[in-house]
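Q: Structure incoming, see below.
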Amino acid sequence: MKIDMNKRDSVIRMTGINPRTCMKCGKCSATCPSFDEMEYHPHQFISLVEAGRVDELMASESLYNCLACMACLERCPRGVEPAKFVEAVRNLKLREHGGNHLAPEAIPEMLDADLPQQAIVSAFRKYSK
Amino acid sequence: MQEMIKSKLAELLSTGAVTKVIGWKRGENFYDVSPAAFESVESLADFVYDDFCGANLSKFLVKEPGKESKVAVVLKPCDTFSLNQLIKENRVNRENIFVLGVPCEGKLSEEKMRVMGIVGLTGCKVEGDKVTVETLYGTETLDKNDVLLTKCATCHSKKHVIFDELIGETGEDSDVDRFVGVAELEAMSEDERYEFWRNELSRCIRCNACRNACPACTCEKCVFDNDASGVAAKSNANSFEENMFHIIRAYHVAGRCTDCGECSRVCPQHIPLHLLNRKFIKDINTFYGDFQAGADAESEHPLVHFTENDPEPSIVKEGK
Amino acid sequence: MQIEKKPLIVAFCCNWCSYAGADLAGTNRLNYPANVKIIRVPCSCRVNPLFILKAFQRGADGVIICGCHPGDCHYTTGNYYARRRITLLFSMLSYLGIEKNRVRLEWVSAAEGAKFAATMQSFAEEIAELGECKRLEDLRCKK
Amino acid sequence: MQRIGVFVCHCGTNIAGTVDVKTVAEMLGKEPGVVFSTDYQYMCSEAGQTLIQDAIKEHNLGGVVICSCSPRMHEQTFRKACAKAGLNPYMVEVANIREQCSWIHKDVAEGTEKAVILGRAAIAKVHLNAPLTAGESPVVKRALVIGGGIAGMQTALDIADAGFEVDIVEKNATIGGKMAQIDKTFPTLDCSACILTPKMVDCAQHEKINIYAYSEVEDVKGFVGNFSVAIRKKARYVDETKCTGCGICTEKCPVKNIPNEFNMGMDNRRSIYIPFAQAVPKIATIDPNTCNKLKTGKCGVCSKVCGAGAIDYTQKDEIIRREYGAIVVATGFNMIDMTKFDEFGYAQSKDVITSLEFERLTNAAGPTGGTLLRPSDGKHPHTIVFVQCCGSRSTTENGKPYCSKICCMYTAKHAMLTREKYPDTDVYVFYIDVRTPGKNFDEFYRRAVEQYGVHYVKGMVGKVAPRADGTLHVQASDLLAGEQLHIDADLVVLAGAIEPDKSARGLATKLTASMDTNDFFTEAHPKLRPVESPTAGVFLSGVCQGPKDIPETVAQAGAAASKVIGLLVKDKLTCNPCVAQSDELLCNGCSGCEHVCPYGAITYETKEFMQFDRSMKPRRVASVNPAVCQGCGACTVTCPSGAMDLKGFSNRQIMAEVDAICK
């Protein structure tokens, strides 16, 4: 069980929400439509982030099983907004992949006359941060 | 503009809607425009509204009007904030006042012109950012920003917050950062600030102009004139009293000061007194949420309110 | 019998909490410097900023105001008003270049005798370090 | 200049051990105005007090300074002693040279010097002291109780039993409040009506109690001991003196489809109605919004059938003004609006009900005669889901941030009673925490689980959706099992948050009593004065102060009554003379003081003042009611012109102390 307080702080910074406001009522998980698909349920996201156990979440498929329907966010009586935590952990995971996959220096070599301008722009959006 | 205002005022006086008008008239010199009262249509011939009408007329309403009479007053946007504050404090009876709102694009400072070497002013015309002045010695064109009154350079609103009738259009709140001066001082070390204020406040000659012009200073009897108050004094005996007078004055108007800037405008010693008041305004905004005194006639000022989560005074030590 | 003038500290204490806390410090024989002199006021909201300026004028080197903890005020809301007033005054004094450590506000309950003594001790040490207050003094009042 | 006497106490060796008391007396004897200075073993002793009294007479002292223990200890002792010698008690000041000097300093020179300085400060203050006389105000020996629920009734009965007149003002047509709607009470399960209705009858029959039902407080003037209250007696269109409560009108009225408030709208009443069989007063009331006669002038059935001739369609609201010495607020609570919570489907299905609706469904006097039937189809429910914390402990805008306190227990009660009466039902309770502090409370809850087999599930319900077949799909989490549950329920019961009655906010303004952000009345001190409001003479009873159950409410009601009795038993109130006073000549009329005063002691009036030109000009000036002011001094610092000052702690007195200390 790896505890990483830096990751915890990043998630909290990204969501802007203090996970300690959670009163562990479970309404988020009660609302969740993809509860059965998820290894970690919305309320567990909050608890594990609070405990600094973000790595476990990042390794889990749950990140992608969340439909981002925002039902948990809507229903939470304490304004904890679990969906934002899932989103934040997901972002953390995406950013982890060795930073940018596309460097401006490398562009000229890839260019050919037929390449549409739009493709370059969209590639940048996708493969760099 | 001036003629439109004049004709409205004449109408008010001639119909008997009001018995007195508070406005401005010209003194001995062209630029020497000062507050004046007009009680007849004929006397309105002297009425002036031009680029030197910096004076805030709202304070004159405290002693006006009597029980039955009604008084008209000509107010620029910033002056309306002061009037609202006075109404809120029950210093002025709204019912007996007719407020004629007039637009303002910033008033000019003859003093600033004089420093630039422009004397013997006989005429002045503002066009956009430029000011064309006529003097006994010829005509010159200046940048308007260079000769604006200090208070107008950091104008916080061109919106009339109270009026019965407007001549022209009312404007909008401005987004000028008026706290730049305060922030500069806050960035200094304690020693530098002390030196700065010693240098400024030591020039105070205790003429009481700031007190007399300030629309928030309307006490029936000022504590400095009240022998029983423990701070009564007619002049500054030493550095302590120089400090004390200005700290107390700023504190007394804290939360009520609308930032009209009259204190600095009238100071013959050019002490930037508005920097004291603005410090309180900035602190109040930072600590207790944005508040603009006089923006309405209902909300009460921050010093007669609190929340349970107000910051502790230690915030002063932690911050700058 | 004259003792060398040490930095002088004036403490305004509300009657219901902090003054009682000071009494408790006494009952428990908790020592703090003798240059701390206490003035009893009904509530921290009775402390006019003017009193603080006056104390400095007359030669005090530090001023501390003590009241009930927020929420515990005997008059229910007094200390909340005091907190706003005092915060603004402290900020203004610092803005004028007066050392910000010369003034302090502390919440001391009637049960916190030890906190009272410790607070006075630490404040007195802080003021001793700053030395005499020169920036807000009235030489006429100095003997 | 005052003639001042200084008395330095040794307190045995408590003071004399570290303070050279002789030197202190000698040094202070040289202070200006001091004509007599001495020291003595124990100033608080009989002999010590005599010494002070003799000195006052012999030296014609105008002020006394006692250097001794803390004023919190013996200030009253010394004031009384001096008063006996003919000196105004407020001409006495105590310098604290024990707790704040001798006990904390070890060095004699240091202690002595500090004692002298503290003595000087007290002398400086006494020079500016003025004789103060405690004012007196008479007490009207009658109390007003606002709200006729169990809290108000109990308070009224206790006050009346002590021999004082009490008026109850109740906004509904009958007293009884929420408790009248409840079926059984936890944890003993005795019938609510059986214990409540006798109390209602007691109130009606008590010769000292006067009930203004169907009435509201219009305005409140005055202050502790002397309130003047206007009560609006709403028109019932029925003559109270004639109506016998026979109920024939309520059977003949042709307007039949008005939702019955008493049964939470689950059945109907007529336009003329008596809320329930045991109503007090048992008088019919016409609902003016639905009555045909009042709306269109056509009908008049009730008037025809009334044998007593009590119907009076021309009745008007009546304003009654009465004087009171004390006011008790007992305005109670309501459940919050559950329609705002879409997820629970309250607005979508008749079978999603609130706990109070459930009470009526199980009550023998309720719409179903006490048989638990589904509101939609009148069938027996087999699966019932109770949801706790619906809106309680919620920081969202629909909910309330506090715990409603009573829901855990009544839900356990409901679950238990259901299982007892209908063993074939499956009962689920979804909880976040089960909170059962109280005598026999946890045992009660455990009984529901262990004996009655109620399924308690840790978790929350996320969604209630009506199905086509009439069942309710309940989706919830079971946090302990780590599962999401899907239950097909027949009935869902929501334990909604409770909130103060909507009328409380307006009432607080009229009473100048303070409220917290949730509209609960604030108590004068959260620990030590829990049934008094900060406004003198206004007391709090029941849920208007915070969520509480029936036993707590009754206990608090009794406590409030005892405070009221303690006030009414006095003929006159002695006021604290150390109160604020306003100098009219300096007052600007800005109302700052009025805003910060926690007691509403400051009022404004307009007076005429002469101007420099001899004309008269009106000006608003503040005046302080010394009977209400508690002497905190908040106003004195708010006042920009220094018009407001505090007697006994005046600006000049405190500044004189500062001067003396810094000399």
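The values are calculated or read from the model by the stated rules, or taken from the named source; none is laboratory data. Being a predicted model, the structure only gives us computed values, none of them experimental. All Cβ positions, glycine included, derive from the backbone under ideal geometry; neighbour counts span all protein chains shown.
Q: Within the stretch D:289-313, how many residues turn out to be in a loop (DSSP other than H, G, I, E, B) and in contact (Cβ under 8 Å) with a residue 24 or more places away in the chain?
A: Filtering the stretch D:289-313 down to residues in a loop (DSSP other than H, G, I, E, B) leaves D:289-291, D:297-300, D:306-310, D:312-313.
Remaining after also requiring in contact (Cβ under 8 Å) with a residue 24 or more places away in the chain: D:290-291, D:299, D:306-310, D:312-313.
Looking only at that region, the number is 10.
Q: While we're here: Considering (1) surrounded by fewer than 22 Cβ atoms within 10 Å (Cβ to Cβ); (2) in contact (Cβ under 8 Å) with a residue 24 or more places away in the chain; (3) within 21 Å of residue B:91 (Cβ to Cβ), say which one residue B:220 fails and leave the rest.
A: It is condition (2) that residue B:220 fails.
Q: Could you tell me whether residue B:178 is buried (at least 17 other Cβ atoms within 10 Å of the Cβ), closer than 28 Å to residue B:317 by Cα and more than 12 Å from chain C (Cβ to nearest Cβ)?
A: Here the answer is yes, as residue B:178 does meet what is asked.
Q: Can you confirm whether residue B:168 is of a type in the set (Gly, Ala, Ser) and exposed (fewer than 15 other Cβ atoms within 10 Å of the Cβ)? Before you say what the answer is, go through the steps one by one.
A: On the way: of a type in the set (Gly, Ala, Ser): yes; exposed (fewer than 15 other Cβ atoms within 10 Å of the Cβ): yes.
Yes; evaluated as a whole, the condition is true for this residue.
Q: Follow-up. Can you confirm whether the stretch D:201-213 contains a residue that is part of a strand (DSSP E or B) and modelled with pLDDT under 95? Show your work before the answer.
A: Filtering the stretch D:201-213 for residues part of a strand (DSSP E or B) gives D:209-212.
Among the residues that remain, those that are also modelled with pLDDT under 95 are: none.
Scanning the stretch D:201-213 turns up no residue that is part of a strand (DSSP E or B) and modelled with pLDDT under 95.
Q: Given the condition out of contact with any His (no Cβ under 8 Å at 6 or more places or on another chain), part of a strand (DSSP E or B) and not basic (Lys, Arg), answer yes or no: does some residue in the stretch D:558-578 qualify? Reasoning before the result, please.
A: Filtering the stretch D:558-578 down to residues out of contact with any His (no Cβ under 8 Å at 6 or more places or on another chain) leaves D:558-578.
If we keep only those that are part of a strand (DSSP E or B) too, we end up with D:572-574.
When the remaining residues are screened for being not basic (Lys, Arg), the result is D:573-574.
There is at least one residue in the stretch D:558-578 that is out of contact with any His (no Cβ under 8 Å at 6 or more places or on another chain), part of a strand (DSSP E or B) and not basic (Lys, Arg).
Q: Can you name the residue in the stretch D:111-149 that is crowded, with 24+ Cβ neighbours inside 10 Å and not in a helix (DSSP H, G or I) and, of all such residues, is farthest from the other protein chains (Cβ to nearest Cβ)?
A: Applying the filter and picking the extreme gives D:148.
Q: Separate question: Can you name the number of the only condition in (1) in the same structural domain as residue B:13 (by TED's automatic domain parsing); (2) at pLDDT 90 or above that residue B:95 fails?
A: Here residue B:95 clears every test but (2).
Q: Here's a check for you: in the stretch D:613-663, which residue that is on the phi > 0 side of the Ramachandran plot and surrounded by fewer than 21 Cβ atoms within 10 Å (Cβ to Cβ) is nearest to the other protein chains (Cβ to nearest Cβ)?
A: The selected residue is D:648.
Q: Can you pull out the helices (runs of 4 or more DSSP H) entirely within the stretch C:27-143 that have at least 3 residues that are under 30 Å from residue D:68 (Cβ atoms) and within 12 Å of chain B (Cβ to nearest Cβ)?
A: Numbers: elements: C:49-57, C:78-95, C:113-130.
Helices (runs of 4 or more DSSP H) meeting the threshold: C:49-57, C:78-95.
Q: Determine if the stretch D:532-540 includes at least one residue that is buried (at least 23 other Cβ atoms within 10 Å of the Cβ), more than 10 Å from every other protein chain (Cβ to nearest Cβ), under 18 Å from the mean Cα position of the chain (by Cα) and part of a helix (DSSP H, G or I).
A: Checking the stretch D:532-540: not a single residue is buried (at least 23 other Cβ atoms within 10 Å of the Cβ), more than 10 Å from every other protein chain (Cβ to nearest Cβ), under 18 Å from the mean Cα position of the chain (by Cα) and part of a helix (DSSP H, G or I).
Here is a yes/no grid of residues against (1) aliphatic (A, V, I, L, M); (2) under 28 Å from residue D:390 (Cα atoms); (3) within 14 Å of chain A (Cβ to nearest Cβ); (4) touching a Ser or Thr at 6+ places or on another chain (Cβ under 8 Å):
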{"position": "D:459", "(1), (2), (3), (4)": "no, yes, yes, yes"}
{"position": "D:477", "(1), (2), (3), (4)": "no, yes, yes, yes"}
{"position": "D:500", "(1), (2), (3), (4)": "no, yes, no, yes"}
{"position": "D:504", "(1), (2), (3), (4)": "yes, yes, no, yes"}
{"position": "D:544", "(1), (2), (3), (4)": "no, yes, no, yes"}
{"position": "D:562", "(1), (2), (3), (4)": "no, no, no, no"}
{"position": "D:569", "(1), (2), (3), (4)": "yes, no, no, no"}
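Q: Moving to a separate point now. Within the stretch D:1-24, is even one residue among the aliphatic types (A, V, I, L, M), surrounded by fewer than 23 Cβ atoms within 10 Å (Cβ to Cβ) and either within 14 Å of chain C (Cβ to nearest Cβ) or not in a loop (DSSP other than H, G, I, E, B) (or both)? If you could, list the steps in order and put the result at the bottom.
A: Going through the stretch D:1-24, the residues among the aliphatic types (A, V, I, L, M) turn out to be D:1, D:4, D:6, D:8, D:15-16, D:19, D:21, D:24.
From what is left, the residues that are surrounded by fewer than 23 Cβ atoms within 10 Å (Cβ to Cβ) are D:1, D:16.
Going one step further and asking which of them are either within 14 Å of chain C (Cβ to nearest Cβ) or not in a loop (DSSP other than H, G, I, E, B) (or both), we end up with none.
Looking for residues that are among the aliphatic types (A, V, I, L, M), surrounded by fewer than 23 Cβ atoms within 10 Å (Cβ to Cβ) and either within 14 Å of chain C (Cβ to nearest Cβ) or not in a loop (DSSP other than H, G, I, E, B) (or both), one finds none in the stretch D:1-24, hence no.
Q: Now, a different point. Can you pull out the residues in the stretch B:36-62 that are over 30 Å from residue B:127 (Cα atoms) and in a loop (DSSP other than H, G, I, E, B)?
A: B:39, B:40, B:41, B:62
Q: Looking for whichever is among the charged types (D, E, K, R), more than 8 Å from every other protein chain (Cβ to nearest Cβ) and touching a helix residue (DSSP H, G or I) at 6+ places or on another chain (Cβ under 8 Å) here; the options are D:93, D:99, D:75. Which one fits? Reasoning before the result, please.
A: Numbers: D:99 fails: more than 8 Å from every other protein chain (Cβ to nearest Cβ); D:75 fails: touching a helix residue (DSSP H, G or I) at 6+ places or on another chain (Cβ under 8 Å).
Going through D:93, D:99, D:75 in turn, just one is among the charged types (D, E, K, R), more than 8 Å from every other protein chain (Cβ to nearest Cβ) and touching a helix residue (DSSP H, G or I) at 6+ places or on another chain (Cβ under 8 Å): D:93.
Q: So, in the stretch B:248-273, of the ones that are within 13 Å of another protein chain (Cβ to nearest Cβ) and within 12 Å of the chain's Cα centre (by Cα), which residue ends up surrounded by the fewest Cβ atoms within 10 Å (Cβ to Cβ)?
A: Only one residue tops the list, namely B:273.
Q: In this structure, does residue B:175 turn out to be within 25 Å of the chain's Cα centre (by Cα) and either of a type outside the set (S, T, N, Q) or closer than 23 Å to residue B:60 by Cβ (or both)? Break it down into steps so the answer makes sense when it comes.
A: Numbers: within 25 Å of the chain's Cα centre (by Cα): yes; either of a type outside the set (S, T, N, Q) or closer than 23 Å to residue B:60 by Cβ (or both): yes.
The answer is yes for residue B:175.
Q: Does residue D:622 meet the test of being small (Gly, Ala, Ser) and in a helix (DSSP H, G or I)? Break it down stepwise before answering.
A: Values: small (Gly, Ala, Ser): yes; in a helix (DSSP H, G or I): no.
Here the answer is no, as residue D:622 does not meet what is asked.
Q: Report, ordered by the first and then the second residue, all pairs with beta carbons closer than 8 Å, sequence separation of six or more or different chains, a first member in the stretch D:430-443 that is buried (at least 17 other Cβ atoms within 10 Å of the Cβ), and a second member that is part of a loop (DSSP other than H, G, I, E, B) and among the hydrophobic types (A, V, I, L, M, F, W, C).
A: D:430/D:460; D:432/A:23; D:432/A:25; D:432/D:460; D:435/D:403; D:441/D:186
Q: Another question about this same structure. Residue B:119 versus (1) under 19 Å from residue B:33 (Cβ atoms); (2) among the hydrophobic types (A, V, I, L, M, F, W, C); (3) in a loop (DSSP other than H, G, I, E, B); (4) in contact (Cβ under 8 Å) with a residue 24 or more places away in the chain: which is the lone unmet condition?
A: Here residue B:119 clears every test but (4).
Q: So which residues in the stretch B:82-100 are in contact with an Asp or Glu (Cβ under 7 Å, 6 or more places away or on another chain) and part of a strand (DSSP E or B), if there are any at all?
A: Once the filter is applied, which keeps residues that are in contact with an Asp or Glu (Cβ under 7 Å, 6 or more places away or on another chain) and part of a strand (DSSP E or B), the stretch B:82-100 yields B:98, B:99, B:100.
Q: Just to be sure, is residue B:211 part of a helix (DSSP H, G or I), charged (D, E, K, R), under 20 Å from the mean Cα position of the chain (by Cα) and not assigned by TED's automatic domain parsing to the domain that holds residue B:84? Even if it seems obvious, please write down each step before you answer.
A: Values: part of a helix (DSSP H, G or I): yes; charged (D, E, K, R): yes; under 20 Å from the mean Cα position of the chain (by Cα): yes; not assigned by TED's automatic domain parsing to the domain that holds residue B:84: yes.
So residue B:211 fits the description; yes.
Q: Could you go through the stretch D:633-653 and let me know if any residue there is under 30 Å from residue C:132 (Cα atoms), in contact with a Lys or Arg (Cβ under 7 Å, 6 or more places away or on another chain) and aliphatic (A, V, I, L, M).
A: Taking the stretch D:633-653 and keeping what is under 30 Å from residue C:132 (Cα atoms), we get D:637, D:649-653.
Those left that are additionally in contact with a Lys or Arg (Cβ under 7 Å, 6 or more places away or on another chain): D:637, D:649, D:653.
Among the residues that remain, those that are also aliphatic (A, V, I, L, M) are: D:637.
Checked against the condition, which is being under 30 Å from residue C:132 (Cα atoms), in contact with a Lys or Arg (Cβ under 7 Å, 6 or more places away or on another chain) and aliphatic (A, V, I, L, M), the stretch D:633-653 yields at least one hit.
Q: Does any residue of the stretch A:80-93 turn out to be in contact (Cβ under 8 Å) with a residue 12 or more places away in the chain, more than 21 Å from residue D:401 (Cα to Cα), within 14 Å of chain D (Cβ to nearest Cβ) and part of a helix (DSSP H, G or I)?
A: yes
Q: Can you tell me which residues in the stretch A:16-33 are in contact with a helix residue (DSSP H, G or I) (Cβ under 7 Å, 6 or more places away or on another chain), crowded, with 22+ Cβ neighbours inside 10 Å and part of a helix (DSSP H, G or I)?
A: Scanning the stretch A:16-33 gives A:27, A:28, A:29, A:31.
Q: Whether any residue in the stretch B:79-87 is surrounded by fewer than 18 Cβ atoms within 10 Å (Cβ to Cβ) and out of contact with any Cys (no Cβ under 7 Å at 6 or more places or on another chain) is what I want to check. Can you show your working first?
A: Applying the first criterion (surrounded by fewer than 18 Cβ atoms within 10 Å (Cβ to Cβ)) to the stretch B:79-87 yields none.
No - not one qualifying residue is present in the stretch B:79-87.
Q: Another one. Taking the stretch D:469-483, which residues are farther than 17 Å from residue D:429 by Cβ and in a strand (DSSP E or B)? Lay out the reasoning, then the answer.
A: In the first step, residues of the stretch D:469-483 are kept if they are farther than 17 Å from residue D:429 by Cβ; the result is D:469-471, D:473, D:482.
Of everything in the stretch D:469-483, just one residue is farther than 17 Å from residue D:429 by Cβ and in a strand (DSSP E or B), namely D:473.
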